[in-house]
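Everything on this sheet refers to the single structure shown next.
The values are calculated or read from the model by the stated rules, or taken from the named source; none is laboratory data. What you see is a predicted model, and the numbers here were worked out from it, not measured in a lab. Counting neighbours? That spans all protein chains shown, and the Cβs are built from the backbone with ideal geometry, glycine included.
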Amino acid sequence: MTTISVDTLALKPSFGFGDRIGLATPGHVAALEAYGEGIFPIFPQQSIREMSRTQRTPEGVMKDALDGLASCGWSGLTGADADHLKTPDDIIRTMNAGFTFFTIDPSDAVDEKADGYDVDTLANKYAEVASQIRWVEAYVGKSIQLDTGTTIEFDETSVRRAAVKYGLALIKASELARFISEQANIQNRPYEIEVSVDETDQPTTLAEHYIIADQLIQQNVKLVSLAPRFIGEMEKGVDFIGDLDDLEDSMKDHNAICELLGPYKLSLHSGSDKISMYTPFARATKGRFHVKTAGTSYLEALRVAALKNEGLFAKIVELSRTHYDRDKATYHVHATLADSPAASETDAKSLERHYLECWQDVPEGIGFTAPGRQILHCCFGTVLTHRELGNALVQTLKAHPDTYRDVLCIHFGKHLDALKAGM
């Protein structure tokens, strides 16, 4: 009988395979076995937001992943990521289902406008939170020399801005971390914690990263990884947009903070299709990283529809176009409906190219860039909960399991190959 160990992964290089439908695990396993030597998997991975939009449960997500692993004869280790946790109830539900990797998302308490405040506004905003934040004076005037040669200077303005931007979020993150620890100890369950501060418009500065991690560690948070907001654009469904050399230099500095204060892993969220940045990311982190993907497995499910059920794919494109302007509200994307044609305006093969890109059109070492991918990505919940089209997509995948496994293997092979090139 196959034995599957769901446990913590500590500082091992790790890769999260999100699955919004519950049928992708065989393809994920095939990719890892063919291309991912030395990289450790997280197969069960789903955010609370995704579960809500797809009408799944933590138990269902875990069961689908473990059943998929058993069907492949997987007998190795896997983590299990309960993503974007915001409340104690989220934690209880996912811990009871067997998740071991808890990603705290305190973004609701982040003041995303803080970077744009003028001197007077910043002073007023700081006065509003100062009584709750005890650490400002400990950092003002501090200077930290990283082993990359970069010096982090903590002047009063930057520290107060960090307090306004992240102070309340740090309180929330610490409270949730303590709750995770207490519940895990009561239930005698393994656990590790990631904290995500990547969902902001402005990049996380080195000073902000240092303060966030230092405060969490002082609060005895079992921090295994931290996801900052990197420079450049990390949009959903497409490759990294920005200067890769500048990005690598920045990631080296962020990783130096991980080494200085931890060690803990540097985490890349919105990692789907960011193939051009994988090699520099693995190189900058010296192979100690976590990568999180989610929507890209859904997009490859749509590729199966494009290959095996062209009429269904066309209907999904049109449903997504109808709801895109509403569904994109919680995502960072640039695509507009004008960037890609309606299904009635082109042939089936061109429709796949506009909305998914064909593999042969993607240069080696470059991720996917078609704006139509963003339209489809944002509307996964609308499609999967649609009475007709959601069920039809699931039935198409079940009718062609080998095709779904093969397209996922090819797709994630590009991701894993690029990571390994930097290890």
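Taken as a whole, the structure places SER75 among residues that are modelled with pLDDT under 95 and either closer than 19 Å to THR293 by Cα or touching a strand residue (DSSP E or B) at 6+ places or on another chain (Cβ under 9 Å) (or both). Taking first residues from the stretch 62-80 that are closer than 16 Å to MET95 by Cα and partners that are modelled with pLDDT of 95 or more and in a helix (DSSP H, G or I), the Cβ contacts under 6 Å between residues at least 6 apart in sequence or on separate chains come to ALA65/THR25. For the stretch 228-248, the tally of residues that are closer than 22 Å to GLU112 by Cβ, free of Cβ contacts under 8 Å to residues at least 24 places away in the same chain and not in a loop (DSSP other than H, G, I, E, B) stands at 1.
Given the criterion among the aromatic types (Phe, Trp, Tyr) and either without any contact (Cβ under 8 Å) to a residue 24 or more places away in the chain or surrounded by fewer than 20 Cβ atoms within 10 Å (Cβ to Cβ) (or both), identify the matching residue among TYR210, TYR139, TYR117. From the options TYR210, TYR139, TYR117, the qualifying one is TYR117.
Checking each residue in the stretch 26-67 for being in contact with an Asp or Glu (Cβ under 7 Å, 6 or more places away or on another chain) and aliphatic (A, V, I, L, M) picks out ILE42, ILE48, ALA65.
Could we say that ASP361 is outside the structural domain of PRO280 (by TED's automatic domain parsing), under 21 Å from the mean Cα position of the chain (by Cα) and not small (Gly, Ala, Ser) here? When the stated conditions are applied, ASP361 does not pass them. Here ALA138 clears all of (1) part of a strand (DSSP E or B); (2) not assigned by TED's automatic domain parsing to the domain that holds VAL61 except the condition numbered (1).
Return yes when ILE133 is within 26 Å of ASP111 (Cβ to Cβ), of a type outside the set (Phe, Trp, Tyr) and either more than 29 Å from the chain's Cα centre (by Cα) or at pLDDT 95 or above (or both) and no when it is not. Answer is yes for this residue.
Entry remark, the stretch 39-63: residues being among the acidic types (Asp, Glu) and closer than 22 Å to GLY271 by Cα number 1 in total.
Okay, residues lined up against (1) loosely packed, with under 12 Cβ neighbours inside 10 Å; (2) without any contact (Cβ under 8 Å) to a residue 12 or more places away in the chain; (3) acidic (Asp, Glu):
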residue: THR336; (1), (2), (3): no, no, no
residue: ASP347; (1), (2), (3): yes, yes, yes
residue: SER350; (1), (2), (3): no, yes, no
residue: LEU356; (1), (2), (3): no, no, no
residue: GLU364; (1), (2), (3): yes, yes, yes
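Does ALA163 qualify as being in a helix (DSSP H, G or I), closer than 30 Å to VAL119 by Cα, modelled with pLDDT of 95 or more and outside the structural domain of LEU11 (by TED's automatic domain parsing)? Here the answer is yes, as ALA163 does meet what is asked. Scan the stretch 235-271 for residues that are under 16 Å from the mean Cα position of the chain (by Cα), farther than 16 Å from LEU419 by Cβ and crowded, with 23+ Cβ neighbours inside 10 Å and the total you get is 2. With respect to the conditions (1) of a type outside the set (Val, Ile, Thr); (2) outside the structural domain of GLY372 (by TED's automatic domain parsing); (3) more than 24 Å from HIS28 (Cβ to Cβ), LYS236 lacks only one, and its number is (3). Just to be sure, is GLU175 closer than 30 Å to SER276 by Cβ and charged (D, E, K, R)? When the stated conditions are applied, GLU175 does not pass them. Every listed requirement among (1) polar (S, T, N, Q); (2) in a strand (DSSP E or B); (3) farther than 24 Å from ASP7 by Cβ is met by SER225 save one, (3). Taking the listed residues SER320, SER344, SER297, the one that is more than 23 Å from THR385 (Cβ to Cβ) and hydroxyl-bearing (Ser, Thr, Tyr) is SER344, with no other qualifying.
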